[in-house]
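Quick note: the coordinates plus some simple rules give every number you see, no bench work behind them. Owing to the predicted nature of the structure, the values given are computational and were not obtained by experimental measurement. We place every Cβ from the backbone using ideal geometry, glycine too, and count neighbours over all the protein chains shown.
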Amino acid sequence: MQAFKGSPCAASGATRPGARRVPSAAGQKTGLFSRYIVLIMTEFAVGGPGLPQQRRLVTEIPGPVSRELMARRSQAVARGVSSTMPVFATAAGGGVIVDADGNSLIDFGSGIAVVSVGNAAPRVVARAAEQAARFTHTCFMVTPYEGYVAVCEELARRTPGDHEKRSALFNSGAEAVENAVKIARYATGRQAVVAFDHAYHGRTNLTMALTAKNMPYKQGFGPFAGEIYRVPMAYPLRWPGGPDACRSDALRVVTELIHTQAGEENVAAVIIEPVQGEGGFIVPPPGFLPGLAEFCARHGIVLIADEIQSGFCRTGDWFACDHEGVVPDMVTTAKGIAGGLPLAAVTGRAEIMDAVHPGGLGGTYGGNPVACAAALGAIETMASEDLAGRARRIGEIMLPRLRKLAEKHPEIADVRGRGAMVAVELTVPGTLEPSPDVAARVARACHRAGLVVLTCGTFYNVLRFLPPLVIGEDLLEEGLSILEDAFSTL
Ligand code: PLZ
């Protein structure tokens, strides 16, 4: 186990300006206690950016301790919950994850696009620890607290559009999507919801219905929620007729299908990931999202941008919609919002959000105070360290190297992405036939070499790269070299 002292994490916790002190005796105790927490963090912190930023393999992957834990896991954890790598984490920070055997792995996954600010990020840890020492829960629906309001204010400030907005906070991305649909139905008095091919919106009943892919998300879990209409995604590589046809035809095809199969006047919402995540990091051609937004506005349809994976600086702007100036009526966020603590949000036009009667929205834990404190720390980090700029820089480093790799390996049919949301799609050379086996082999080789990479895609044939936005450039380059080696041993 690594131990380090005087971490920036502890330092920022100790000196954070504006740390509130409640003037009562009980409050003073809380202040003392939070200072005590900071002291503990100074002495025992094992993660965060102070971790040595290097890949280091001291055992095979997985090592003996992880193998033992895997055996325990199989006797205690349900089989349906799977893990990409059979290694158990003990610490993480910056661009590395340290496992139970002492291996230090390069992280190109960020826990599925969550720790964009880095794991155990100093401001996240300090704010969450301070809040945890004050109170861990009152339930916002019973006695509210400022952190929740402050997160909603930040969401209003950061999400696309300068119209008046309201937010509601939840615990997971799926819950946010469920609520966005609830609110859109209520506000419009309509029932139909339009979702796209290759979409991923969650694992609850309604969000499974919105999700396109059967295995592993839906198989055997039906019946699903009704009134969902599916339309093709503007997927340049796989559009019949190719990328140029996609650019010119996709919007027409989608809007025609909505007209003929659902009827615009019945549609409460169109939900779309502006860059699709689990479905394969699919970036629609320019003009598609603005055209869709215009269509929705014309017909009184609520456009929901699911920015759960693409949001919070991941694509090189605060939100993926920002690249084309698209202003959705509602945005769902989660993942990157709180540096790893569970928090999600629906942010939307005030008149839509406020349509719902008091008491119509909520949940015991939604907007938990510790998660809100973490979110304020994460958002402050993104703003003050210009993580959107970091994401663009990551893309500038990754995309050219991946394009070069594609020249050498005809299995790579497409290199795509935005900012630090980047992927390669693998096919049988010269065809569109997916090569999931190649993706799995490359991923396994990377894992063995100490690089955490994830796969995705409707056909399991996409390797995706989502490094923490604070990753050092040396580690980023080293990770890319490991990937290149993995391809060369195919
Ligand atoms: N919308 C766009 O990416 C979560 C799923 C991992 P939750 N994606 C990771 C898995 O296999 O379960 C996601 C997303 C988009 C919604 C969600 C759902 O977010 O926080 O996992 O519920």
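Ranked by the mean number of other Cβ atoms within 10 Å per residue, highest first, peptides 180-193, 134-147, 231-244 order as 180-193, 231-244, 134-147. For the peptides 207-220, 259-272, 304-317, 417-430, residues were scored by their other Cβ atoms within 10 Å and the scores averaged per peptide; the highest-first order is 304-317, 417-430, 259-272, 207-220. When the stretch 263-417 is described by a simple charge dipole with +1 on each Lys and Arg Cβ and -1 on each Asp and Glu Cβ, the residue from Cys296, Ala269, Leu402 located farthest towards its positive end is Leu402. The 3J(HN,Hα) values that the Karplus relation (6.51, -1.76, 1.60; θ = phi - 60°) gives for the stretch 362-372 are, in residue order, x, x, 3, 9, x, x, 3, x, 5, 5, 5 Hz. Gly and Pro appear as x. For Leu237, neighbours were defined as the other residues whose beta-carbon sits under 11 Å from its Cβ, and their charges (Lys and Arg +1, Asp and Glu -1) total 0.
The 3J(HN,Hα) values that the Karplus relation (6.51, -1.76, 1.60; θ = phi - 60°) gives for the stretch 152-168 are, in residue order, 5, 5, 4, 4, 5, 6, 8, 6, x, x, 10, 6, 6, 10, 9, 10, 10 Hz. Gly and Pro appear as x. For Gly417, the shell of other residues with beta-carbons less than 12 Å away shows a net charge of +3, using +1 for Lys and Arg and -1 for Asp and Glu.
Comparing Leu206, Gln131, Val346 along the charge dipole axis of the chain, the residue lying farthest to the positive side is Gln131, per the Cβ-charge model. Amide H to amide H, with H built 1.01 Å from N, Thr90 comes under 5 Å of Val98, Asp99, Ala100, counting only residues 5 or more places away or on other chains. Kindly identify the chain as rounded, prolate or oblate by the Cα gyration tensor criterion: order the square roots of the eigenvalues as a ≥ b ≥ c, call it rounded if a/c is under 1.5, otherwise compare a/b with b/c, prolate if a/b is larger, else oblate. Oblate.
Considering only Pro328, Thr431, Thr381, and ranking their Cα positions along the charge dipole of the chain that arises from unit charges at the beta-carbon of Lys, Arg, Asp and Glu, the one farthest toward the positive end is Thr381.
Ranked by the mean number of other Cβ atoms within 10 Å of their residues, highest first, the peptides 63-75, 465-477 come out as 465-477, 63-75. Please state the shape class of the stretch 210-304: rounded when a/c is under 1.5, otherwise prolate if a/b exceeds b/c and oblate if not, all from the C-alpha gyration tensor. Oblate, since a/c reaches 1.5 and b/c is not below a/b.
Derived scalar couplings between HN and Hα for the stretch 60-70 equal 5, 10, x, x, x, 5, 5, 4, 5, 5, 4 Hz in order, rounded to whole Hz, by the Karplus curve 6.51 cos²θ - 1.76 cosθ + 1.60 (θ = phi - 60°), x for Gly and Pro.
May I ask which of Lys165/Lys335; Lys165/Lys218; Lys213/Lys408; Lys335/Lys404; Lys218/Lys335; Lys335/Lys408 have a Cα-Cα span longer than 29 Å here? Lys165/Lys218; Lys213/Lys408; Lys335/Lys404; Lys335/Lys408, as the Cα separations exceed 29 Å there.
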